[in-house]
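In what follows, a single structure is set out as structure tokens and then discussed.
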Amino acid sequence: MVERKNIEFIIKILKVLESKKRPMTLSEIKEATDLVDPVSLHVLWLLEMGFIREERKSESEYAILGSTWKITSEGRAFLKFLETHKEAFSGLTQSMRPFSLVLTYPRSGKLIPKNKLEELSKTGIYFPDLLNELFRSAQEEILIASPYIEQVILPFIEQTKEDVKIRILTNEKSALLERLTKRENVEIFLLQKKEENRQLYQVHSKFICVDGKYCIIGSMNLNERSMYYNFETGIFVEDKNLGNYIRRLFEIMIELSKPLIL
């Protein structure tokens, strides 16, 4: 079940869009509502329900962040309905999905027909968009497990607050990872067991958990091909219980790993 506060967030977003009387970007919505939590999941649910529409599609790398959003007549009717039918508030928490599909795919119109790109954008959250917002919104901790980590992760890390702890679990060291260890808030661990030139085990998990409750589990690696060219899928879930399980799994793997120390 989706928490009651998430329904309150959704109503808050609609009320802001209604009061401003103009299309707003995701950043403007977040600032106007004073929300600390990521808002993209709520915006995409509102879009799917027909309560808002995308006015201007961004050509930038992070499309959802650059697009503008406007409340629809259906959204206004929804707000009015909730004001006059308070009992519907609790029922709504039962109908919202507690998860969203996360996708990566080639966004070039030269590779994928425009109508198919539009269908894909309505099917799930674009992975780089979600990472961008989660890293910017993180308050305490980011846990990352991925066998392949390349330069594409840097723009996301650079947006993270300096007091947010970032812990990365991967297989082998690289020049990039060595540079990242120089940051005071970054810890990197290597998990790979070899014996007589035989690999016994290594990290192949691919997950990210932010602040113990925003969890992404999927097929995506943190490299350029996986994030911007391949078709990859995953699930984004906001759930503290799942976050606790992921943190425990992470800690077990950390106990079996070696810290990357320069």
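Annotations for the structure displayed:
- Isotropic mean projected area of the C-alpha convex hull, the range 125-259 (nm²): 8.1 nm²
- Here residue 136 and residue 84 are evaluated by their C-beta separation; at R0 = 45 Å the FRET efficiency comes out at 0.75.
- GNM result for the chain, Cα springs below 10 Å: residue of 157, 168, 252 fluctuating most strongly: 252
- Restricting the calculation to Cα atoms, the chain yields a radius of gyration followed by a Dmax of 19.9, 72 Å.
- Net charge dipole, the range 175-217: roughly 120 debye, given to the nearest 20, about the Cα centre with Cβ charges of +1 for Lys and Arg and -1 for Asp and Glu.
- Among 119-127, 173-181, the order from most to least packed when residues are scored by Cβ within 10 Å on average: 119-127, 173-181
- Sequence-separation-based contact order of the chain, relative, with Cα cut under 8 Å and 6+ spacing, percent: 18 percent
- Neighbour net charge for residue 20 - beta-carbon separation under 12 angstrom, K R +1, D E -1: +1
- Residue-count net charge about residue 199 - beta-carbon cut-off 12 Å; Lys, Arg +1, Asp, Glu -1: 0
- Site pair residue 258 and residue 194 shows an inter-label distance of 1.0 nm when each label is modelled 7 Å from Cα along Cα→Cβ.
- When the Cα atoms of the range 99-141 are aligned to their principal axes, the ranges along those axes come out at 40, 21, 10 Å in descending order.
- Remark: for residue pairs 110/213; 161/258; 114/182; 114/165; 20/165; 12/122, the C-alpha separation exceeds 32 Å in 110/213; 114/182; 114/165; 20/165.
- The label-point distance for residue 172 and residue 245, in a model that sets each label 7 Å from Cα toward Cβ, rounds to 3.3 nm.
- Other residues within the sphere of radius under 14 Å centred on the Cβ of residue 257, judged by their own Cβ, net out at +1 (K and R +1, D and E -1).
- Counting only alpha carbon atoms, the long axis of helix 114-123 and the longest principal axis of the chain meet at about 90°.
- Per-pair calculated FRET efficiency, R0 = 22 Å: residue 122 and residue 28 via Cβ, rounded to 0.05: 0.50
- For the chain, modelled as a GNM whose springs connect Cα atoms under 10 angstrom apart, the maximal fluctuation among 201, 228, 214 occurs at 201.
- Top positive-direction residue, dipole computed over the range 125-259 with Cβ charges, set 228, 160, 197: 197
- Between residue 224 and residue 159, the simple spin-label model (points 7 angstrom out along Cα→Cβ) gives 2.0 nm.
- Rounded to the nearest 10 degrees, the angle from helix 4-20 to the longest Cα principal axis of the chain is 60 degrees.
- Projected-area mean, the range 203-242, by convex hull of Cα positions, square nanometres: 3.1 nm²
Every number in this text was worked out from the coordinates using simple rules, so none of it is lab data. Everything quoted here is computed from the prediction, not taken from an experiment. Note that we place each Cβ from the backbone using ideal geometry, even for glycine, and neighbour counts take in every protein chain shown.
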